[in-house]
Amino acid sequence: MPEDVFTAPLKRPAHVGEDWLEPKQTEYDSEDDAIWNDLFARQMEILPGRAASAFMEGLDRLDLGTGGVPDFGDLSEALDKLTGWSVVPVPMLIPDHIFFWHLANRRFPAGNFIRTRETFDYIQEPDVFHDVFGHVPMLTNPVFADYMQEYGRAGFRAMEHNRLKALGALYWYTVEFGLVQEEAGLRAYGAGILSGPTEAVFSVEAKSPNRIMLNVDRVMRTDYVISDLQPTYFVIESFEDLYRKTVERDFERLYKSLSPSFTYANSAVIDVDNVVNVGTQEYLLRGGRGSGARPV
Ligand SMILES: [Fe+2]
């Protein structure tokens, strides 16, 4: 890609190369490992019956449980056998084009740092628990693994058309906050949901949020907030359905038809929507995070 398509480049720390990879994973102390184990145990109380079966199967196939922060080398070895993916350590934020390039090569860039006891319940910045526990189990699913690679490839085209925001919304409403319709009911597969206790319950059970079947054109026009529970979740029928609706979609034409800014508020229900349920938006209307509103 030519230099001029890159927007607001982050300053590369002196110790990382052009691939932005850390020379090695951070060494964690026993408190870090204890935090991991406690976060893991807390999620395991909440996720059965709420997380997608693909995610739970992924957890079973990888050894993420009680041994502290997983070693990326061991994890990559296990993942490579299943879907050819690996997990690579990066400093917290990396530029979009580097992120896309790693995904397009089936490498998942994961942050090194782990939260502290003080930020145990909520951190806005993704840490190693979010990145590894939240994202990696889904990469054991062959269809989802292919989707992630294609997403990386699609990133370059979005940059050429200056539509990164639109592609970002797709990532947000699928990879981070996606729900899937299973026989037993709605289940979460998004890492932003699965790496914390509150949204894992809220996304599948609360009355506040809208739940709408995924429509790529619509989602790419929808705003999102990164600092609170989602007012709307988008639901897929299956991972094959997700792959069909995105990868097999003509993004070139879609990018050309999108306006540079978002068209729809994140709480809106519009006439083209195939609605699962219209939420009460009670949580949002009461003021959301910071107001002390209960996530109902
Ligand atoms: Fe994430």
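The values are calculated or read from the model by the stated rules, or taken from the named source; none is laboratory data. The shown structure was predicted, so the numbers you read here are calculated from the model rather than taken from an experiment. Glycine gets a Cβ as well: all are built from the backbone with ideal geometry, and neighbour counts include every protein chain shown. When the accessible area is computed, the model is the full protein with side chains, heavy atoms only, and any ligands, DNA or RNA have been set aside. Shrake-Rupley method; radii C 1.70, N 1.55, O 1.52, S 1.80 Å.
Summary of computed values
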read-out	value
Whole-Å distance, taken between Cα centres, linking the range 159-188 and the range 256-296	15
Residue among VAL128, TRP172, ASN162 farthest towards the positive dipole end of the range 113-185, charges placed on Cβ	ASN162
Cα-based reach from LYS165 at 30 Å (exclusive), listing lysines while leaving out same-chain residues under 8 positions away	LYS11, LYS207, LYS245, LYS256
Carbon and sulfur %, accessible surface of the range 171-252 computed with the full protein complex present, 1.4 Å	47
Accessible area per residue in Å² at 1.4 Å probe, computed on the range 17-68	53
Charge dipole magnitude, Cβ of K and R +1, D and E -1 - the range 212-296, Cα centre, debye nearest 20	280
³J(HN,Hα), Karplus 6.51/-1.76/1.60, whole Hz, each residue of the range 33-43, x for Gly, Pro	5, 5, 4, 4, 4, 5, 4, 4, 4, 5, 5
Accessible surface of the range 1-138 [probe 1.4 Å, protein heavy atoms]: carbon and sulfur percent	51
For the range 111-124, Karplus couplings with θ = phi - 60° (6.51, -1.76, 1.60), whole Hz, Gly/Pro x	x, 8, 7, 10, 4, 9, 4, 5, 10, 4, 7, 7, 10, 7
Gain on full stretching of the segment that runs from ASP63 to ASP250 - 0.36 nm per residue minus C-alpha separation	63.5 nm
Loop-located GluC sites (Glu not before Pro) in the range 93-188, at most 13 other Cβ atoms within 10 Å (DSSP)	GLU118, GLU183
Taking the chain and dividing mean pair separation by its residue count, relative contact order in percent (alpha carbons under 8 Å, at least six apart)	18
Relative contact order (%) - the range 102-241, alpha-carbon pairs under 8 angstrom, separation at least six	24
Long-range amide H partners of GLU182 with built H, under 5 Å	ARG187
